[in-house]
Each structure stands twice: as C-alpha cells, then as structure tokens.
Amino acid sequence: MSKKIICILFLAVIGFAFIVKEPAQLPQLKVSSNKRYFTTNNEKPFFWLGDTGWLLFSKLNRDEAEKYLEARRKQGYNVIQVMVIHDINEVNIYGDSALVSANIAKPKVTQGSNLANTTEYDYWDHVDWIVDRAAEKGLYMALVPVWGSVVKSKTGHVNSANAKVYADFLAERYKNRSNVIWMNGGDIAGSDSTQVWNTIGSTLRTGNPDKLITYHPRGRTQSSTWFHNESWLDFNCFQSGHRTYAQDTSAKDLKYGEDNWKYVKVDYNKTPVKPTLDAEPSYEKIPYGLHNVKLPRWKAADVRRYAYWSVFAGACGYTYGNNDVMQMHKPTDKGSAYGSKEYWYQSINDPGALQMQYVKKLMLSRSYFDRVPDQSLIAGKQGTRYNYLLATRGSNYAMVYTYTGKTIAVNTAKLKGAKIKASWFNPRTGQTTLVGTQTKTATMNFNPPGQPANGNDWVLILDVV
C-alpha cells in the first residue's frame with residue numbers, strides 16, 4: 001500500500017475520532033392545552049417525577065454520574081433537578097472552574113468541546129456530557145442557572161447586566177438540547193434580587209422559546225407570589241419542606257405546615273392558569289426542620305404523603321428528595337450537611353425513592369388531561385392534618401387518598417353510571433386489590449385494609465362501570 005493511501009486513511013481515522021456526537025433528542029415538553037399539566041410535542045401525557053440531584057455536576061465524576069442517572073431511570077424518574085452553579089467559585093470533581101475569576105459573565109470554556117470519556121475537558125463539557133447521557137436515558141434536566149445564595153443582594157456577585165450575559169451563554173449553549181428545562185431562582189424569595197431573576201427568565205425565554213421555564217423559591221413559599229404573571233414563567237413551583245406543623249411558625253411563612261396540598265390549591269385558583277408542583281418537599285432522611293440533627297427524620301411514609309396530597313390536589317407532578325443524594329454525600333467528603341450519615345450510592349435505593357414510581361404509574365393508568373381535584377367527593381368530614389382526605393377524578397373514575405387508613409365516605413353524585421368498580425391501591429408496593437363491583441348509592445363507605453395509623457396509606461380507586 002502506498003504511503004499516500006496510508007496517510008489518507010490515517011487522516012480519515014483521526015477525523016472520525018473527532019466527530020462530535022449529536023445530542024440525543026427527547027420529545028420537547030410543553031404545557032397541555034388545558035394549562036394544568038405537561039405534554040410532549042406528540043401530545044402524550046408527561047407526569048413530572050423529579051429527583052433533587054442538586055450537586056450532580058460539581059461532585060460526581062462521569063462514572064458516578066452514569067450510575068446515578070441509570071439508577072433513577074430504572075426507578076421511573078424522568079426529571080433531575082440540578083444546580084449549574086452552586087458557588088461563585090464553583091469547581092467540579094476534576095478541578096475545573098466554572099467561571100473565570102469568579103465572574104458570572106465569564107464562563108470558563110476551552111477551545112472546542114470534548115464529550116469523549118476522558119479527563120481532558122472543562123467544567124462545561126462535563127455538564128454537557130451529563131445532560132446528554134441523561135437524554136439518552138430518557139431523562140429531562142431541570143437546570144438552575146445560578147443558586148440564590150450567589151445572587152442574593154448582599155453578595156454583590158450578580159447584577160442584571162452580568163446576569164444577562166450569563167443567561168445568553170446558557171441559552172445559546174443548550175438551545176439544541178431538547179431535554180433541558182430551566183429552573184430559575186434557587187431556594188430564595190423572589191423579592192430578593194427580583195430584577196436579576198426577571199432578567200435571567202426573560203433572557204432564557206428569548207433565547208430558548210421552546211423550553212419550559214419555572215422558578216424555584218425558598219422554603220414554604222411559591223413562585224406564583226412574585227412571578228405568576230411574568231411571560232417567561234410557564235409553570236409554578238413551590239417548596240413545602242422541611243418543617244413540621246409545630247416548626248412552621250415564622251412570621252413570613254404561610255403557616256401551611258406539612259399541608260403541601262394548600263400551595264397547590266392557591267396556584268390552581270390563580271389566573272392565568274398555569275401548572276404547579278412541589279419541587280422540594282421534606283427530604284427522606286433529613287431532620288425535621290433541617291438544622292437539629294438530633295430530631296427525628298422524615299421517612300418514606302412522609303414523602304409518599306407529600307406526593308399523593310399534592311398530586312391529588314391538582315399538581316402536574318412531584319419532586320422527591322433524599323438528604324444523602326441531594327448533596328451527593330461521598331466517603332471523600334470532609335463533612336456533610338444536615339447530618340447526612342450514608343452515601344448517595346446507598347441512599348438512591350431508599351424505600352421512599354423506590355416507591356415514587358407508583359404515583360406516576362397510577363396517574364398515567366387512567367385518562368390524564370381530564371383529571372381535576374374534587375373535594376366534593378368526600379362525604380362528611382374531610383379530616384385535618386394527617387387525617388385529611390384528598391380526592392381527584394376524571395371523566396370515568398375517581399381516587400381518594402388516605403394517609404392513615406381511615407374509613408372513606410364517598411359522595412357519588414359526580415360519578416357516572418349505576419355501578420362502580422372499587423379497588424385499593426397500595427402506595428408502598430404499587431399493587432392494586434379489587435374490592436368488587438357495586439351498585440351505586442348516594443353515599444358509599446369503604447374501609448381500607450389494616451388498622452388506622454400514620455403511614456397506613458391507601459388510594460381508593462372507583463372506576464365507572
């Protein structure tokens with residue numbers, strides 16, 4: 001073989017090696033026609049089941065990120081909430097800085113892009129690689145551009161001018177990645193640095209008109225308080241965690257305690273109509289109120305309660321959180337936040353994490369876009385706090401959730417037909433047990449399996465025959 005041919009083949013091989021793989025494309029998400037839920041661009045229902053993987057970009061290497069994403073894919077999650085920049089001096093696991101001289105207007109990018117599985121890449125190539133791996137697994141990424149503590153008015157790190165430059169950078173870099181959702185804000189009241197948040201939101205809207213945008217507020221507040229009427233905000237989020245009823249005493253809070261369904265009710269009745277969801281309830285295994293590690297910790301039963309309460313109240317989905325996973329706690333960490341004792345790769349399989357898939361499967365098992373919250377289905381007292389019953393219905397079915405396994409009295413006036421097929425759905429296992437078909441009467445009583453107790457939760461399903 002001539003030297004010329006060998007040289008050509010060599011150059012061809014080298015050229016092939018540097019071909020950048022196009023990102024996997026997921027169906028673009030959009031708000032449904034009734035403005036209550038999400039759908040894909042091919043009109044299929046999309047139930048948001050999220051996980052708070054906040055420090056994924058900064059703390060996990062590529063092998064670890066692969067394991068995390070694959071675990072959540074298998075468990076039925078479809079959205080991962082992640083901070084893009086958590087600290088103004090952000091550095092990832094490989095020692096790559098996100099910014100030049102801690103300047104939000106100067107992302108530190110190198111010439112070209114390397115998405116190969118090597119260590120020769122910058123901070124943003126690493127973010128790209130994770131976003132693309134997520135897309136290949138059918139996962140959407142809800143990206144928080146910059147965490148609230150960085151923007152907070154007293155820090156002086158971010159203003160409207162440099163925020164716009166940064167948001168333009170993000171919009172341009174991720175315009176062709178269909179699995180990106182923008183989650184503006186980051187655990188901060190919208191009243192702090194409002195102009196900055198509006199600048200980021202409107203800039204992302206201009207640069208990415210096809211992507212969903214929301215706002216992540218501080219604990220026990222909701223985005224609709226400040227941004228509901230902003231044109232850049234497609235859907236609302238609220239953060240119901242992490243206090244108990246007794247701890248929710250701050251003068252600035254709404255004092256809903258653990259009743260996260262109340263946030264949904266407020267958003268549901270606002271105009272213009274927009275979807276809403278609990279983007280940060282109390283995390284599994286985090287102490288009550290966060291800071292006193294000697295207090296009891298939220299368990300699987302608690303995160304189930306938050307999920308079904310909010311969804312049955314009319315939410316378009318739900319985000320789960322785990323104390324060890326959200327901070328990606330690792331053996332190499334010098335310490336941990338909020339008394340985290342186990343490591344992320346252990347806690348990704350905690351009971352509550354595994355049980356979240358069942359709420360998504362249940363909601364997608366019946367007609368989707370016609371579902372509405374309807375407390376008139378509850379006959380008699382609806383209960384308070386843990387005894388509160390939440391009811392929802394579609395055109396040919398109704399569901400009622402009880403956290404304590406108390407007897408449910410149903411007003412059947414809004415249910416069609418003369419007969420009803422009743423079943424019990426177990427939120428712990430995802431199993432459905434048929435009760436039987438009954439002739440409909442004005443009020444019908446159903447007694448859940450087991451003895452009434454906190455965590456003996458059930459969903460009563462009534463299908464029209």
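Bear in mind that the values in this text are calculations on the coordinates, not laboratory data. Worth saying up front: this structure is predicted, and the values here are computed from it rather than measured. Using ideal geometry, Cβ is built from the backbone for each residue, glycine included, and neighbour counts are taken over all protein chains shown.
Starting from the 7 Å offset along Cα-to-Cβ, what nm value, one decimal, do you get for the label separation of residue 265 and residue 165?
4.8
I'd like to know how the range 159-198 sits against the 2.2 N^0.38 Å rule of thumb: what's its Cα Rg over that expected value?
Expressed relative to 2.2 N^0.38 Å, the Cα Rg reads 1.29.
Sort the following peptides by mean Cβ neighbour count (other Cβ atoms within 10 Å, averaged over residues), highest first: 420-430, 213-223.
Ranking the peptides 420-430, 213-223 by packing returns 213-223, 420-430.
Using the alpha-carbon atoms, what tilt in degrees (0 to 90, nearest 10) does helix 3-17 show relative to the longest principal axis of the chain?
Here the helix axis deviates by roughly 30 degrees.
Pull out the extension gain between residue 349 and residue 28, defined as 0.36 nm times the separation in residues minus the alpha carbon to alpha carbon distance; nm, one decimal.
Working: separation 321, 0.36 × 321 = 115.56 nm, distance 2.92 nm.
Full-extension gain reported as 112.6 nm.
Between helix 62-74 and the chain, what is the angle of the helix's C-alpha long axis to the longest principal axis, kept within 0 to 90° and rounded to the nearest 10?
Helix 62-74 sits roughly 20 degrees off the main axis of the chain.
Please compare each pair in 270/421; 35/341; 255/360; 299/416; 67/108 to a cut-off of 32 Å on the Cα-Cα distance and tell me which ones are over it.
Beyond 32 Å between Cα atoms: 270/421; 35/341; 299/416.
What ranking of 338, 288 emerges when the number of other C-beta atoms within 10 Å of each C-beta is taken as an exposure proxy, fewest first?
288, 338
Could you give the length gained on full extension between residue 370 and residue 195, defined as 0.36 nm per residue of separation minus the Cα-Cα distance, in nm?
59.3 nm
What is the ratio of the Cα radius of gyration of the range 47-169 to 2.2 N^0.38 Å, where N is its residue count, to two decimals?
Compactness ratio reported: 1.07.
Could you list 282, 149 in order of exposure, starting from the residue whose Cβ has the fewest other Cβ atoms within 10 Å?
Arranged by neighbour count, lowest to highest, 282, 149 become 149, 282.
Counting only residues 5 or more places away or on other chains, whose amide H sits under 5 Å from the amide H of residue 236 once H atoms are built in the peptide plane?
Placed amide hydrogens put 276, 277 under 5 Å from residue 236.
Please rank 87, 122, fewest neighbouring Cβ atoms within 10 Å first, as an exposure proxy.
Taking fewest neighbouring Cβ atoms as first place, the list is 87, 122.
Within the range 428-442, what residues put their amide N at less than 12 Å from the label point 7 Å along the Cα-to-Cβ vector of residue 465?
Backbone N within reach: 435-441.
If you count, for each residue, the other Cβ atoms within 10 Å and average over each peptide, how do 395-403, 443-451 line up from highest to lowest?
Descending packing order for the listed peptides: 395-403, 443-451.
Quick one: helix 351-363 against the long Cα principal axis of the chain, what's the angle to the nearest 10°, folded into 0 to 90?
70
What distance in nm separates the two pseudo spin-label positions at residue 64 and residue 41, each 7 Å out from Cα along the beta-carbon direction?
Result: 3.5 nm between the two label points.
With the cut-off at 25 Å, tell me which of the pairs 265/406; 265/414; 137/211; 262/381; 175/265 have Cα atoms farther apart than that. Display every interim value, and only then the final one.
Values: 265/406 23 Å; 265/414 20 Å; 137/211 19 Å; 262/381 17 Å; 175/265 34 Å.
Cα-Cα > 25 Å for 175/265; rest within.
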